[in-house]
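The values are calculated or read from the model by the stated rules, or taken from the named source; none is laboratory data. Here the structure is a predicted model, which is why all the values come from computation and not from measurement. With ideal geometry, Cβ positions are generated from the backbone for all residues, glycine too; neighbour counts draw on all protein chains shown.
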Amino acid sequence: MSMTEPVESMTEPWDGLAASPSLMRTLPAAAPIVPRNSIAGRSLTAVVAIMTFLASITTGAALMVVSAASDWQAEVGREVTIQVRPTPGRNIDADVRSAVEITRAAAGVVEVRPYTKEESARLVEPWLGAGLALDDLPIPRLIVVKLAAGARPDFASLRQVLAARVPTASLDDHRRWIDRMRTMAGTAIVAGVAVLVLVLAVTVLSVTFATRGAMAANRPIVEVLHYVGATDSFVAGQFQRHFLILGFKGGAIGGGAAIVLFGMTEAANAWLTGTAGGDQVAGLFGNLSIGVIGYLAILLQIVFMALVTAFASRHTVNRTLEAID
Amino acid sequence: MIRFENVGLRYGPGPEVLRDLNFGIDGHSFQFLTGPSGAGKTSLLRLLLLSLRPTRGLISMFDSDTAILSKDGRANLRRRIGMVFQDFRLLDHMTTYENVALPLRVLGKDEADYRAEVVELLQWVGLGERMAALPPVLSGGEKQRAAIARAVIARPQLLLADEPTGNVDPNLGQRLLRLFIELNKSGTAVVIATHDIALMDEYDARRLVLHEGRLHVYD
């Protein structure tokens with residue numbers, strides 16, 4: 001077909017109009033097929049950012065709970081106590097020394113520290129008050145035994161030896177307390193993971209629906225591309241690329257904010273270390289750090305959110321194309 | 001080029017809106033598709049554009065049975081057809097130039113290769129000075145010409161136009177008809193769906209008349 005000559009019979013406004021060379025040179029670079037800055041796109045970025053932030057905070061909190069619960073278990077599990085009761089006719093100091101010797105000889109023990117009479121007295125001070133003549137009171141003496149990490153000493157035989165040589169000594173390996181602690185920590189871990197799974201599910205659903213909402217505004221583009229002969233994969237590819245970038249942008253904003261927040265918490269925690277409040281917080285929540293794994297998990301979530309957004313857009317495009325065809 | 005044999009179309013469980021269509025469209029031909037409102041003109045155009053599948057019958061296009069074509073195969077056939085929609089369907093975020101160039105972009109052509117061609121066509125339809133304008137600021141006639149330019153830029157073998165003069169004054173309608181006639185002279189088969197009797201009287205061409213779902217051909 002020849003398009004070099006204007007249609008003969010046509011008069012103005014189609015005749016006499018020619019594109020100026022300058023206009024031809026200054027044609028702007030081709031606009032993206034999917035518009036970049038739409039209101040729906042900005043709303044989607046905001047939804048992805050907020051949901052990624054919430055999911056990242058939940059992930060970090062769940063990791064902290066898991067870490068703190070494990071720390072509690074490990075700390076309590078590494079300590080046992082021997083109590084030596086005062087009994088008429090026996091020298092309690094000699095019994096304490098014997099118990100210390102026996103315990104030191106046991107495998108897996110790294111430190112044995114008997115409480116002195118004064119330290120033992122201080123333990124009962126909150127109940128009995130200060131300044132009492134404690135010599136007259138039958139106050140038991142405690143021996144704190146630290147175990148090597150991961151060691152499982154033979155408490156049964158240690159108990160037997162102690163019973164034979166120091167009958168006034170009794171060993172408490174905190175089993176009941178540890179079992180309760182383990183149950184509590186396990187519950188905390190399960191609850192943390194459950195909340196995380198729920199938040200992730202809500203995140204995926206809300207991002208999916210927000211993507212579909214944003215896609216609805218783009219339906220005319222899908223239709224026009226379809227009618228001018230674009231293959232389904234071309235149309236889906238255009239939207240997938242666009243929404244992958246939108247999702248990644250939103251994820252980076254939300255995940256980045258969470259990373260900054262955790263970083264600041266960690267820095268504040270380090271700054272407060274040594275203070276009374278800081279030590280209490282550390283005792284309860286561990287060192288308030290989500291660790292390298294936590295930060296990696298957040299980065300992974302950013303990528304995941306971008307992929308969810310891209311996949312949701314592709315799915316919606318394919319459904320739209322099915323409806324058109 | 002295109003052949004319909006016993007083609008019927010119904011939407012869902014409803015009655016057939018098109019019945020027993022038997023006709024052909026030859027290359028380089030020119031025809032009006034007409035009939036009262038609701039007679040099924042747009043449905044027939046959509047069948048021709050492969051954006052609807054017939055409920056029954058055979059549609060053969062460019063030597064291919066459309067019923068057995070893959071999705072990509074249908075997309076490839078659609079590239080040989082240009083469509084001018086009644087509501088133009090220009091993309092508002094793209095300039096006139098970009099809208100017209102869209103079919104070439106979809107074909108994966110490099111912008112440097114098609115720039116001169118698109119500019120030349122825009123000049124030909126009188127939009128040389130409106131290349132950088134966005135559709136919302138174009139007049140109805142300008143939008144119509146941009147839509148026509150987009151439909152013919154990839155040099156289709158068949159041009160379909162749905163009520164192309166429905167939104168313009170009679171004078172502009174005549175100019176658009178002349179544009180279609182020129183395109184037909186350059187080798188493109190043209191089907192213009194219209195119920196504008198005055199427009200059809202302007203040019204002696206084959207008439208496909210839809211009435212109560214059936215097609216009557218007046219050569």
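Could you please let me know if residue A:55 is aliphatic (A, V, I, L, M), touching a Leu at 6+ places or on another chain (Cβ under 7 Å) and at pLDDT 90 or above? Judged against the criteria, residue A:55 is a match. The set of residues in segment B:166-187 that are without any contact (Cβ under 8 Å) to a residue 40 or more places away in the chain and in contact with a strand residue (DSSP E or B) (Cβ under 7 Å, 6 or more places away or on another chain) contains only B:183. So for segment B:21-40 (the condition being assigned to a helix (DSSP H, G or I), modelled with pLDDT of 90 or more and closer than 16 Å to residue B:81 by Cβ), does at least one residue qualify? No, the conditions are met nowhere in segment B:21-40.
Only one entry in A:142, A:198, A:205 is touching a Phe, Trp or Tyr at 6+ places or on another chain (Cβ under 8 Å) and either exposed (fewer than 15 other Cβ atoms within 10 Å of the Cβ) or part of a strand (DSSP E or B) (or both), namely A:142.
Put simply, of A:263, A:254 the only residue that is touching a Phe, Trp or Tyr at 6+ places or on another chain (Cβ under 7 Å), at pLDDT 90 or above and either away from every other protein chain (no Cβ under 14 Å) or outside any helix (DSSP H, G or I) (or both) is A:254. Only one of the numbered conditions (1) away from chain B (no Cβ under 14 Å); (2) without any contact (Cβ under 8 Å) to a residue 40 or more places away in the chain; (3) among the small types (Gly, Ala, Ser) is violated by residue A:230, and that is (1). With respect to the stated conditions, residue A:183 is loosely packed, with under 15 Cβ neighbours inside 10 Å and out of contact with any strand residue (DSSP E or B) (no Cβ under 8 Å at 6 or more places or on another chain). With the condition kept exactly as written, say whether any residue in segment B:30-41 is over 20 Å from residue B:163 (Cβ atoms) and of a type in the set (Gly, Ala, Ser). Checked against the condition, which is being over 20 Å from residue B:163 (Cβ atoms) and of a type in the set (Gly, Ala, Ser), segment B:30-41 yields no hits at all.
Being at pLDDT 90 or above and either of a type in the set (Asp, Glu) or closer than 28 Å to residue A:163 by Cβ (or both) is the requirement here; does residue A:139 meet it? No; evaluated as a whole, the condition is false for this residue. Residues that are surrounded by fewer than 13 Cβ atoms within 10 Å (Cβ to Cβ), under 30 Å from residue A:40 (Cβ atoms), away from every other protein chain (no Cβ under 14 Å) and out of contact with any Pro (no Cβ under 6 Å at 6 or more places or on another chain) do not occur anywhere in segment A:156-172. Here A:185, A:94 are screened, and the one residue that is assigned to a helix (DSSP H, G or I) and touching a residue at least 12 places away in the same chain (Cβ under 8 Å) is A:185. Note on segment A:67-104: residues that are farther than 26 Å from residue A:165 by Cβ and surrounded by fewer than 17 Cβ atoms within 10 Å (Cβ to Cβ) total 6. For residue A:246, are the conditions met, namely being surrounded by fewer than 18 Cβ atoms within 10 Å (Cβ to Cβ) and away from every other protein chain (no Cβ under 14 Å)? Taking the combined requirement at face value, the residue does not satisfy it.
Please verify whether segment A:306-325 includes one or more residues that are buried (at least 17 other Cβ atoms within 10 Å of the Cβ), modelled with pLDDT under 85, assigned by TED's automatic domain parsing to the domain that holds residue A:213 and in a helix (DSSP H, G or I). The answer is no; no qualifying residue exists.
All told, residue B:47 falls short of being in a strand (DSSP E or B) and crowded, with 19+ Cβ neighbours inside 10 Å. For segment B:44-60, a tally of residues being more than 23 Å from residue B:149 (Cα to Cα) and more than 10 Å from chain A (Cβ to nearest Cβ) returns 7.
Filtering segment A:215-227 to residues that are crowded, with 18+ Cβ neighbours inside 10 Å and more than 14 Å from chain B (Cβ to nearest Cβ) leaves only A:215. Among the helices (runs of 4 or more DSSP H) confined to segment B:91-165, the ones with at least 1 residues that are more than 11 Å from every other protein chain (Cβ to nearest Cβ) and without any contact (Cβ under 8 Å) to a residue 40 or more places away in the chain are located at B:111-124, B:140-152.
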